[in-house]
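The values are calculated or read from the model by the stated rules, or taken from the named source; none is laboratory data. All figures in this text were calculated on a predicted structure; none of them were measured in a lab. Note: ideal-geometry Cβ built from the backbone for every residue, glycine included; neighbour counts use all protein chains shown. What goes into the accessible areas is simple: the full protein's heavy atoms, side chains included, and nothing from ligands, DNA or RNA. Shrake-Rupley method; radii C 1.70, N 1.55, O 1.52, S 1.80 Å.
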Amino acid sequence: MLRYAVKRLGSLAVSLIVASLVIFACIEVVPGDPASFMLGINAQPDTVEALRNELGLNKPLVERYFSWVGGLVTGDLGTSYTYRSPVSEIVSERLVISIPLALFALSLTVLIAFPVGVLAATRRGSFTDVTVMGATQLGVAIPNFWFALLMVLVFAINLRWFSAGGFPGWDAGFLVAMKALTLPAVALALPQASILARVMRSSLLDTLSEDYIRSARAKGLTTRQTLWRHALRNALIPVLTIIGLQFSFLLAGAIIIENVFFLPGLGRLVFQAISQRDLIVVESVVMLLVFAVIVVNFLVDLAYAWVDPRLRGRA
Amino acid sequence: MKRTLTLTTALALIAGGAWAAKTDVTIGLQLEPPHLDPTSAAAGAIDQVVYSNVFEGLTRFGPDGSVNPGLAESWEISEDGTTYTFKLRSGVKFHDGTDLDAGDVVFSLDRARAEESTNAQKALFAGISGVEAADDTTVKVMLSAPQGNFLFNMAWGDAVIVAPESIENIKTNPIGTGAFTFADWKQGDSITISRNPNYWGDAPALEEATFKFISEPTAAFGAMMAGDIDAFYGYPAPENLAQFEADPRFNVLAGNTEGETILAINNKMEPFDDVKVRKAVSMAIDRQAIIDGAMFGYGTPIGTHFAPHNPDYVDLTANAPFDPAAAKALLAEAGYPDGFSTTLKLPPPSYARRGGEIIAAQLREIGIETEISNLEWAQWLEQAFRGYDYGLTIVSHTEPMDIGIYARPEYYFQYDNADFQTLINDLSVENDPATRSDLLKKAQTIISEDYVNGFLFQLALTSVVDAKLNGIWENAPTQAVDLTGVSWSE
């Protein structure tokens, strides 16, 4: 198990170095100068030049790469060009929304998908199964921003149970803050839950047709016991993979939902930073997301080994 | 008995609470400011939050665009027009409790015109040759030449007075002299300002105001309808305005801005270096169709680069009437009987994206094929603005009184006319109002008759406001949401 974990850590480090190079290269070649963006169309060329010097944009590329990576290693993400405050501060302000939102959406996803998937698999071919398959098909097909708008229309504009968006901050109280995250979390969770429920169902069906299940039944275990002791645990591997991918997606991919509900999350920060050419913010946030994805994948790898001992030897 | 009394008191309290007028307001804005220093960035969103609310200048704009006394209560102009002596109000305090004195004015103006200044409108200060404090409340500003619009320039958000003590943190903690103090910024979400108890002028009716940033048009609609916000300044989805107009809970304000929306033409690029071609382009355009199609009817046609609500405006729309046949004939005369093809580069705002599609269709009628590309602002600045790599583009120039850009041959439309440049020079040193007016009218006529750009329409400012909220500026003489006069009725 340890050897397996060390090997995984090694590939994690290599992935991070490659990612930092790719991100820096990609973002530096994007056309558009942050200084001219900030000063607008009436500014004189020498003013733009003064700002470029102030922001350190006139330094050579290699020097800028190393100062950026050096900063990353020591935890200093640099200073935002536009906001003029430390990127780490800006990002952590956004993370207190994005991480809870992603976790909230992921919990909803799992809470919906697990029972639904298991139910559909154990009653394969029944009316329940057909309904679940139909409903999840619809859930996968509906774009989440459209579903979000629909919910705003119903729950915010007509019923007035929720605000149409915005985030009051955690100091307004846990429940108040969670309430503000409810509609966005549901909008994010619905398509993910549909995907996960379908994966859960098919994975469980595969497992249920394995020989060891027949053996388990043959030695006298009830259907329920077989399901809980043998089938579910083995069916979890593909499900875990999907959950790992989904968490990364929910963390990074909430851009549209954050815009629909005007939530000040990480996705919206990146979106704004790209259009304002706040390169340092984009680089650091993308790097952070890559880091999150890689770490989540690492944890998922470890979880595989936990649910399936056969994997520990391989690596 | 005692119980009844308590109950009555409670009821009275509730009723009393309900009767008192609201003293807080939440205003929706589409763009969030990058930081809060109006003197070092072009972003209009900064001025929208802080202009006149948090920061004040020597002079200030009124709702009608007039220039009024601000921190300077009066001024004297020397005979030759090169020395302005400002008398500052006494007893003005910055929000950190320090007094405003002449030294702060000297610091602010010197900072803006310094070599390493990053003021986006540095040109406003270019004519200043020296600033000195005569005493605590008197400031002398020396100009290298008379400057007719100096008091106007000093009213810009880029010319507000800041204090050296608080300059280091101005971007996140702005300390001004205005009627509101900066209270809180939830980045990505909102900025809150609250009433300044030590304000030198009339106390504002509002105790607290929150600017909430909502960039998505559909989210703006939801927030307004759900009552999350009391007003949306510069409402981003004109297609919903009819619905708000029909709803008694809301008022729709349609005002003027300083935004001349133009189809900019690359004057040095073939075939646009021929005035006949530019004239043909201008005459191929049906302005009203663009206003109706792209702006849902909001906007005023213009025939030159000047705001129609300005008293010196000349209506020159007749110089380029919509006449495709005549335009086609002009093209043939210029040697392009079968038309030609060019690029049409469109920045993100909807006036450009929607307007661009309509203009492309109108130009096709006279044989000009356009290759449309949608650009982000940063790309647009790089390609079109700095690289001159475009044939046509659509931009709204929102700075007030910016006809002077036509005297800059390096400016992105690359219009180089020595007569016009002389005229703008004369204008800048002219103090006599009547002569200034004549020169301004002449300037408008020259660029209109040279068909420098396709002059489309003056951008309208549409805001949706709670019907009980009063005092929100209808027009936008500058990019400001001045809340000093805003109040709730009953």
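Whether any residue in the range A:33-40 is surrounded by fewer than 16 Cβ atoms within 10 Å (Cβ to Cβ) and either acidic (D, E) or modelled with pLDDT of 85 or more (or both) is what I want to check. Within the range A:33-40 (the criterion being surrounded by fewer than 16 Cβ atoms within 10 Å (Cβ to Cβ) and either acidic (D, E) or modelled with pLDDT of 85 or more (or both)), the answer is no, since none of the residues qualifies. Which of the residues spanning the range B:314-333 are free of Cβ contacts under 8 Å to residues at least 60 places away in the same chain and not in a helix (DSSP H, G or I)? Scanning the range B:314-333 gives B:D315, B:P321, B:F322, B:D323.
Checking each residue in the range A:241-276 for being open to solvent by 10 Å² or more (accessible area, probe 1.4 Å) and not in a helix (DSSP H, G or I) picks out A:G253, A:Q276.
Any residue at all in the range A:87-101 that is out of contact with any Gly (no Cβ under 9 Å at 6 or more places or on another chain), among the charged types (D, E, K, R) and part of a loop (DSSP other than H, G, I, E, B)? No, because not a single residue in the range A:87-101 is out of contact with any Gly (no Cβ under 9 Å at 6 or more places or on another chain), among the charged types (D, E, K, R) and part of a loop (DSSP other than H, G, I, E, B).
For the range B:86-127, the candidate set comprises residues that are over 23 Å from B:T181 (Cβ atoms) and of a type in the set (F, W, Y); within that set, the residue that is farthest from the other protein chains (Cβ to nearest Cβ) is B:F86. Number of residues in the range A:76-102 that are within 10 Å of chain B (Cβ to nearest Cβ) and hydrophobic (A, V, I, L, M, F, W, C) equals 2.
Restricted to helices (runs of 4 or more DSSP H) entirely inside the range A:1-82, those with at least 1 residues that are over 30 Å from B:A123 (Cα atoms) and in contact with a helix residue (DSSP H, G or I) (Cβ under 9 Å, 6 or more places away or on another chain) are A:2-29, A:61-73.
Results for (1) within 14 Å of chain A (Cβ to nearest Cβ); (2) under 30 Å from B:Y84 (Cα atoms); (3) without any contact (Cβ under 8 Å) to a residue 40 or more places away in the chain, shown as yes or no for each residue.
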position	(1), (2), (3)
B:S350	no, no, no
B:L381	yes, no, yes
B:Y388	yes, no, no
B:T398	yes, yes, no
B:I403	yes, yes, no
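Select from the range B:291-316 the residues that are within 11 Å of B:Q444 (Cα to Cα) and either among the hydroxyl-bearing types (S, T, Y) or modelled with pLDDT under 90 (or both) and list them in ascending order. Within the range B:291-316, B:T304, B:Y313 qualify. Criterion applied to B:G227, B:G222 was being free of Cβ contacts under 8 Å to residues at least 24 places away in the same chain and not in a loop (DSSP other than H, G, I, E, B), and the one residue passing it is B:G222. From the list A:G166, A:G220, A:G173, the lone residue that is over 30 Å from A:F298 (Cα atoms), touching a residue at least 24 places away in the same chain (Cβ under 8 Å) and assigned by TED's automatic domain parsing to the domain that holds A:L263 is A:G166. Within the range A:141-162, identify whether any single residue is more than 30 Å from B:F244 (Cα to Cα) and surrounded by fewer than 19 Cβ atoms within 10 Å (Cβ to Cβ), and answer yes or no. For the range A:141-162, residues more than 30 Å from B:F244 (Cα to Cα) and surrounded by fewer than 19 Cβ atoms within 10 Å (Cβ to Cβ): present.
Taken together, the criteria exclude A:I280 from residues that are open to solvent by 40 Å² or more (accessible area, probe 1.4 Å), within 14 Å of chain B (Cβ to nearest Cβ), part of a helix (DSSP H, G or I) and aliphatic (A, V, I, L, M).
The residue list B:R195, B:R249 contains one member that is within 14 Å of chain A (Cβ to nearest Cβ) and either among the small types (G, A, S) or open to solvent by 40 Å² or more (accessible area, probe 1.4 Å) (or both), which is B:R249. Identify all residues within the range B:40-66 that are within 14 Å of chain A (Cβ to nearest Cβ), open to solvent by less than 10 Å² (accessible area, probe 1.4 Å) and assigned to a loop (DSSP other than H, G, I, E, B); write none if there are none. The answer is B:S40, B:A41.
Evaluate the following for B:K140: is it part of a strand (DSSP E or B), open to solvent by 50 Å² or more (accessible area, probe 1.4 Å), in contact (Cβ under 8 Å) with a residue 12 or more places away in the chain and charged (D, E, K, R)? Yes; evaluated as a whole, the condition is true for this residue. Only residues that are under 23 Å from A:L101 (Cα atoms) and either in contact with an Asp or Glu (Cβ under 6 Å, 6 or more places away or on another chain) or among the hydroxyl-bearing types (S, T, Y) (or both) were counted across the range A:177-224, and they come to 2. May I ask you to say which residue of A:S98, A:S92, A:S80, A:S107 is small (G, A, S), over 28 Å from A:A187 (Cα atoms) and out of contact with any Cys (no Cβ under 7 Å at 6 or more places or on another chain)? On inspection, the qualifying residue turns out to be A:S80.
All conditions in (1) open to solvent by less than 20 Å² (accessible area, probe 1.4 Å); (2) at pLDDT below 85 hold for A:D46, with the sole exception of (1).
Checked against (1) modelled with pLDDT of 85 or more; (2) surrounded by 20 or more Cβ atoms within 10 Å (Cβ to Cβ), A:S92 passes all but a single condition, namely (2). Among the residues examined, B:V139 does not qualify as of a type in the set (A, V, I, L, M, F, W, C), touching a Pro at 6+ places or on another chain (Cβ under 9 Å) and modelled with pLDDT of 90 or more.
Residues that are part of a loop (DSSP other than H, G, I, E, B) and within 7 Å of another protein chain (Cβ to nearest Cβ) within the range A:153-171 comprise A:R160, A:S163, A:A164, A:G165, A:G166, A:F167, A:G169, listed in sequence order. Going residue by residue through the range A:127-150, is there one that turns out to be under 19 Å from the mean Cα position of the chain (by Cα) and facing chain B (nearest Cβ under 10 Å)? Checked the range A:127-150: at least one residue is under 19 Å from the mean Cα position of the chain (by Cα) and facing chain B (nearest Cβ under 10 Å).
Of all the criteria given as (1) part of a strand (DSSP E or B); (2) of a type in the set (A, V, I, L, M, F, W, C); (3) surrounded by fewer than 18 Cβ atoms within 10 Å (Cβ to Cβ); (4) in contact with a Gly (Cβ under 9 Å, 6 or more places away or on another chain), the one not satisfied by B:A145 is (1).
Residues of the range B:334-365 that are hydroxyl-bearing (S, T, Y), under 25 Å from B:L459 (Cα atoms) and in a strand (DSSP E or B): B:T343 alone.
Within the range B:362-371, not a single residue is within 14 Å of chain A (Cβ to nearest Cβ) and crowded, with 23+ Cβ neighbours inside 10 Å. Test A:L288 against the stated conditions and say whether it is more than 13 Å from every other protein chain (Cβ to nearest Cβ), assigned to a helix (DSSP H, G or I) and of a type outside the set (S, T, N, Q). Judged against the criteria, A:L288 is a match.
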